[in-house]
Amino acid sequence: MPFKGYRVTSPFGYRTHPITGIRGVFHTGIDLVKYHRAPINAFTAGIVLFAGKGKAGSGFGGYGNVVFIHDKNGRGQVYAHLDSVNVRRGQRINKGHIIGRQGNTGNTTGSHLHYEVRKTASSKPPYGWIADRANNCLNPTTYLESFHAAPAKNNSSRVRTIQSTLNKRYNTALTVDGIYGPQTKKALIKGYQTELNKQFNAKLGVDGIWGPKTKSATVTISKNARGNLTWILQAALYALGYNPNGLDGIFGGGTEKAVRDFQRNNKMKTDGKAGKNTFAKMFG
């Protein structure tokens, strides 16, 4: 229950806009209520990239007072409409840290917390915002359920191993810091593109960008598969907090279970096979 203690007043997804009355508008987050000026605790640890009043053109126009946090997965967590802000840009915070208080700032119909998870945690405007609202953010409920589910042991050490291997295998020049941020994710996508070109003749540009061609490329690997593509899958699972039980490039029972756990937490078809939809959830 990632939002225990809150009342959900507007879920993630399509809705009738509460201010304009326009139907079919995509709500990029979830609206949560405790009481006016209630302390708002961070749902995860992370680094504060923005703390203050959102302005038009900043990616936070209409959001009022905002705190924007970069998490371990490279996602951007938005806490909006706050009455006040209790953190500063560059500050590292832990889960549970009071980042502000529930408020009624910006475009609202009443005091609440608007919480959203942007796919990208950019450190400058528009801070990961894109005009395609339906593809701008992740479902915050399933994301937090996945975020806190069965984390792999020694994950920081694993990510360092992943970064070192990416540097050697794909010449990615990553800083080996044990943090799964945007650059490490981009390097994994480069590895994915490279392996699809080798194994499936996909003819993708190796740029680390999850664009339409990469997203639509046909790929399925499953139990007993071996090789670098399976290693990419295992690396992504470890980086996202799942335990495939090894970085050996062998799709064994542990990897299959980790894929199933990932699919279940993201409300996907749970078959233990890594196809283009599973990779899209990991990298998109």
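The values are calculated or read from the model by the stated rules, or taken from the named source; none is laboratory data. These numbers were taken from a predicted model, which means no experiment stands behind them. Using ideal geometry, Cβ is built from the backbone for each residue, glycine included, and neighbour counts are taken over all protein chains shown. The protein model used for the area step is the full one, side chains on, heavy atoms only, and it has no ligands, DNA or RNA in it. Shrake-Rupley method; radii C 1.70, N 1.55, O 1.52, S 1.80 Å.
Which ones in region 266-284 are of a type in the set (A, V, I, L, M) and modelled with pLDDT under 95? Quick ask: steps written out before the conclusion?
At the first step, the residues of region 266-284 found to be of a type in the set (A, V, I, L, M) are 268, 274, 280, 282.
Selection gives M268, A280, M282.
Kindly establish whether A239 is within 21 Å of K281 (Cβ to Cβ), buried (at least 20 other Cβ atoms within 10 Å of the Cβ) and at pLDDT below 95. Against the criterion (within 21 Å of K281 (Cβ to Cβ), buried (at least 20 other Cβ atoms within 10 Å of the Cβ) and at pLDDT below 95), A239 qualifies.
Can you tell me which residue in region 1-34 is surrounded by the fewest Cβ atoms within 10 Å (Cβ to Cβ), limited to those that are aromatic (F, W, Y) and in a loop (DSSP other than H, G, I, E, B)?
First, pick out the residues of region 1-34 that are aromatic (F, W, Y): 3, 6, 12, 14, 26.
Then drop every residue that is not in a loop (DSSP other than H, G, I, E, B), which leaves 3, 6, 12.
On the way: F3: 15, Y6: 19, F12: 22.
The qualifying residue surrounded by the fewest Cβ atoms within 10 Å (Cβ to Cβ) is F3.
Determine, yes or no, whether T161 is farther than 30 Å from T278 by Cβ and either surrounded by 20 or more Cβ atoms within 10 Å (Cβ to Cβ) or at pLDDT 90 or above (or both).
Working: farther than 30 Å from T278 by Cβ: no; either surrounded by 20 or more Cβ atoms within 10 Å (Cβ to Cβ) or at pLDDT 90 or above (or both): yes.
Judged against the criteria, T161 is not a match.
Pairing each residue of region 111-132 that is in contact (Cβ under 8 Å) with a residue 40 or more places away in the chain and open to solvent by 60 Å² or more (accessible area, probe 1.4 Å) with any residue that is assigned to a loop (DSSP other than H, G, I, E, B) and aromatic (F, W, Y), provided the two are 6+ apart or on different chains, yields C-beta distances under 8 Å for W129/F60. Of all positions in region 35-47, at least one carries a residue that is in a strand (DSSP E or B) and within 24 Å of P182 (Cα to Cα). All conditions in (1) of a type outside the set (D, E); (2) touching a strand residue (DSSP E or B) at 6+ places or on another chain (Cβ under 9 Å); (3) part of a loop (DSSP other than H, G, I, E, B) hold for A56, with the sole exception of (2).
Residues considered: L138, L166, L174. Of these, the only one that is open to solvent by less than 20 Å² (accessible area, probe 1.4 Å) and not aromatic (F, W, Y) is L166.
Pick from G181, G191: which is at pLDDT 95 or above and either among the small types (G, A, S) or touching a Lys or Arg at 6+ places or on another chain (Cβ under 6 Å) (or both)?
Numbers: G181 fails: at pLDDT 95 or above.
Answer to the check: G191.
Residues in region 247-284 that are open to solvent by 10 Å² or more (accessible area, probe 1.4 Å) and in a loop (DSSP other than H, G, I, E, B): L247, D248, G252, N266, K267, M268, K269, T270, D271, K273, G284. Filtered by the rule that a residue be part of a loop (DSSP other than H, G, I, E, B) and either in contact with a Leu (Cβ under 8 Å, 6 or more places away or on another chain) or more than 18 Å from N277 (Cβ to Cβ) (or both), region 232-246 gives G241, N243, P244, N245, G246.
Quick check on region 203-217: of everything there that is part of a loop (DSSP other than H, G, I, E, B) and open to solvent by less than 30 Å² (accessible area, probe 1.4 Å), which residue is nearest to N277 (Cα to Cα)?
Residue satisfying both the conditions and the ranking: A217.
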